[in-house]
């Protein structure tokens, strides 16, 4: 009979496995974590194996989302800080968010290991909330108005909330998204990474973003804790309510950027002005909408697109598509295309 050490030795190298093979091993890691949470597993279904690996859990305690945090910079402290905001939102803000499950020893993040997985990963368990992602062709004015209310609700809470002293989340300003601290620093890129016409426009976006930040400044009325990725792919709709999910990237940035993320997708479709007006209307039901944010929305939307292009720089078709459909039009956009 093989010992556990022999089993580990005989397992195929994790990095050479297919995504499905990796997910199978991470499922065992998730089960190990759930024992630390003292949750009895009935069924653990794979949802996605991307930056994080996520599972839907059915248990005696109910249904949950289980996340294995595989992003290399996702430390326990960083993940704990994300959950601190979720806990505060669940207690203090209007609306529904996923709430963290707390282990018997008080932890909301546990480190778990499994045979054949090269390192321990942080694992979290969140409540499962009902709802569905609404595709572009089915979105109505009601969905866009709910989106505006949701963005403002998160901003209102962030403006009022006092994070704990050990709170640690990323910073999303120009230099961290496009400059020397970004995944692929724009100033260091050349034509071998991006076509010349794309690179030229990316540099123009970077300059405009820096100018916008100088004007706005980082006072609490413009800069604070944001979701950062509040597009329709990270919003569930249930009973007429927009429910935010995936706070995995939340951090400190400009509130106008958060609003820009919500509007970047719709910009590529017809009737953008009408959709934008409805989003603004929803936002104003919760908070006043600053005129200077509207003025710089094209810049923040363009920088969102530029940041994405840096992530897909190895895929020429994706780069060209993003440049043609969003980056170039947003650089040319005028305030006439945005409601006041």
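Points worth noting:
- Taking other Cβ atoms within 10 Å as a rough exposure proxy, 280, 252 sort from fewest to most as 252, 280.
- Spread over its residues, the convex hull of the C-alpha atoms of region 51-170 is 158 Å³ per residue.
- Note on region 136-337: percent of Cα-Cα distances in each 10 Å bin, starting at 0 and stopping at the bin with the largest distance, equals 8, 36, 37, 16, 2.
- Legend: Rg and Dmax of region 21-86, from Cα coordinates, 12.1, 34 Å.
- Computed extension length for residue 181-residue 113: 21.4 nm, one decimal, from 0.36 nm per residue of separation with the Cα-Cα distance subtracted.
- Here the chain is treated as a Stokes sphere of Kirkwood radius computed over C-alpha pairs; at 10 °C and 1.306 mPa s its diffusion coefficient rounds to 74 µm²/s.
- Listed from fewest to most Cβ neighbours within 10 Å, the set 110, 205 follows the order 110, 205.
- What the pair-distance distribution of region 163-237 shows, using all Cα-Cα distances binned every 5 Å from zero, is 3, 12, 17, 19, 18, 16, 9, 4, 2, 0 percent.
- Computed E for residue 211/residue 238 - FRET, C-beta separation, R0 45 angstrom, nearest 0.05: 0.65
- Over the residues of the chain, the helix contribution to mean residue ellipticity at 222 nm works out to -13500 deg cm²/dmol, using -39500 (n - 2.57) for each DSSP H run of at least 4.
- When 128, 85 are sorted by how many other C-beta atoms sit within 10 angstrom of their C-beta, beginning with the fewest, the order is 128, 85.
- Our estimate of slack between residue 73 and residue 328, defined as 0.36 nm per intervening residue step minus the Cα-Cα distance, is 88.6 nm.
- Net length available on complete extension from residue 56 to residue 273 is 74.3 nm, with 0.36 nm assigned per residue and the Cα-Cα distance removed.
- Between residue 291 and residue 142, the C-beta separation translates, for a Förster distance of 35 Å, into a calculated FRET efficiency of about 0.85.
Since every read-out is calculated from the coordinates, none of them should be taken as a lab result. Values in this document were obtained by computation on a predicted structure and should not be read as measured data. Positions of Cβ are generated from backbone atoms using ideal geometry, with glycine treated the same way; all protein chains shown enter the neighbour counts.
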